[in-house]
1. Evaluate the distance, in nm, between pseudo-label points positioned 7 Å from the Cα of B:LYS52 and of B:ARG179 along their respective Cα→Cβ axes.
2. Per 10 Å bin, what is the whole-percent P(r) computed from every C-alpha pair distance within the range A:1-157?
3. Roughly how crowded by other chains is peptide B:142-155, in terms of the mean Cβ count from those chains within 10 Å of each of its Cβ atoms?
4. What FRET efficiency, computed as 1/(1 + (r/R0)^6) with R0 = 35 Å and r the Cβ-Cβ distance, is obtained for B:GLU203 and A:THR68, rounded to the nearest 0.05?
5. Give A:LYS25/A:LYS146; B:LYS77/B:LYS146; A:LYS76/A:LYS158; B:LYS7/B:LYS146; B:LYS42/B:LYS158 a once-over and call out the pairs whose C-alpha atoms are over 24 Å from each other.
6. Pop a pseudo-label 7 angstrom from the Cα along the beta-carbon direction at both A:LEU107 and A:LYS76 and give the gap in nm to one decimal.
7. Please give, to one decimal in nm, the separation of the simple spin-label points placed at B:ARG155 and A:GLU88, each 7 Å out from Cα toward the Cβ.
8. For the range B:102-114, in order, what is each residue's ³J(HN,Hα) by Karplus, 6.51 cos²θ - 1.76 cosθ + 1.60 with θ = phi - 60°, in whole Hz (x at glycine and Pro)?
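Since every read-out is calculated from the coordinates, none of them should be taken as a lab result. Computed from a prediction, not measured in an experiment: that's the story for all the values here. Virtual Cβ from ideal backbone geometry, glycine too; neighbours counted across all protein chains shown.
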Protein chains: 2
Amino acid sequence: MEIKIMKNILDRNQNKADEVREQLKSKGVPMLNLISSPGAGKTTLLERTCEKLSNRIRFGIIEGDITTDRDAQRLKKYDVPIVVINTEGGCHLDSHSISRVLDLFDLESIDLLIVENVGNLICPSQFDLGETCKVAIVSTTEGDDKPAKYPMLFRQAKVVVLNKIDLLPYVNFDISSFRSDMGKLNGSVPIIDISCTRGDGLESWYEWVGEQVPGVRQGFRGY
Amino acid sequence: MEIKIMKNILDRNQNKADEVREQLKSKGVPMLNLISSPGAGKTTLLERTCEKLSNRIRFGIIEGDITTDRDAQRLKKYDVPIVVINTEGGCHLDSHSISRVLDLFDLESIDLLIVENVGNLICPSQFDLGETCKVAIVSTTEGDDKPAKYPMLFRQAKVVVLNKIDLLPYVNFDISSFRSDMGKLNGSVPIIDISCTRGDGLESWYEWVGEQVPGVRQGFRGY
């Protein structure tokens, strides 16, 4: 019985996700779904991204949070349209909540929609939001075993961002073991090593973001 | 309809949790439920705890993991009875799975049962396992805003362990803001600052663990 209900929930989610995807496609707006553990650096990465690219890419941001609008407050200064979805205890966003907030954006004047999902390495990977692709963010301080232990997200991600590489000298993180586990799960996926605080590798990330946006894909270099 | 089903699931979980609690109480075995984000240091804390205390306290360990037995492998060398529950994608343990594995332990010869829940700051806090208390573990690298953003666990925890304080010089973590948020959520809860890698604060943790075990509560000092 529970399984049937879960299947219904997933079916309903999938139907709405397909609808969201169609809607965004008709407007030519790609959508990234950022997923990570709590504190891996999703919001800080968004801060850097808005800082660097918002003069070339017109972003829209959906902030998924359990109860506060703290992340949105941090992004307010970049003058980017932001909508907060409070899940009130819920452990992930779903396509129905995304669908409901899409109308709050002027999609005609947005190049790229970015969803910051609730901080959780498990449940968000099970719910398609209608995104163009999932972005997995993981930090060196979480340990190199995360892809092997939480494989669902890492199998689906179109890009993996390894954050906090400035802390590598101070933590127990075997980068070759991490890469080897990732290779087994999702061989072709690019892994971008970055430090949001120190700036390492962010150029590669900006370049990857640029490549997701049809309009600015050409001649994007030189940001 | 979904809400009703969710209520049924929670009711069934609660009934079984009460049963587990009664069973453990009748044997005089307390049970700790360790909850944190992925990579906050639950397993490393268990390694230190077994290393230091397993000659005085007879532990039993239940390892909740999505798919691997990596954490159990790390603990094997301490010669402590360990049972792994693989949730096969599930984001939390529930009382039914705990109830099923209790029979695999000889409860007569265990002083303290420790459950390492699936790495997730959200869902595990919603499922009572029949534990004596929840232990919240959070690391400095996750940021000081975790109690405010993920309040459910921090409201329920009987103790909060702040791990990775050796990394404080390298991360953006305001310890007074963390303590102030914790105070608002759960004023009386003790917060134990530790570094599992460097050893800071572990004596306070060992002492707290000792206090949970009726038999060794008296004269526990001097470990």
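1. Rounded to a tenth, the inter-label distance reads 2.0 nm.
2. 11, 40, 37, 11, 1, 0
3. 4
4. Step by step, r from the Cβ atoms, then E = 0.50.
5. Listed pairs above 24 Å: A:LYS25/A:LYS146; B:LYS77/B:LYS146; A:LYS76/A:LYS158; B:LYS7/B:LYS146.
6. My value for the distance between the label points is 2.9 nm.
7. Here the modelled spin labels are 1.3 nm apart.
8. 4, 5, 7, 9, 8, 5, 5, 10, 10, 8, 8, 9, 10
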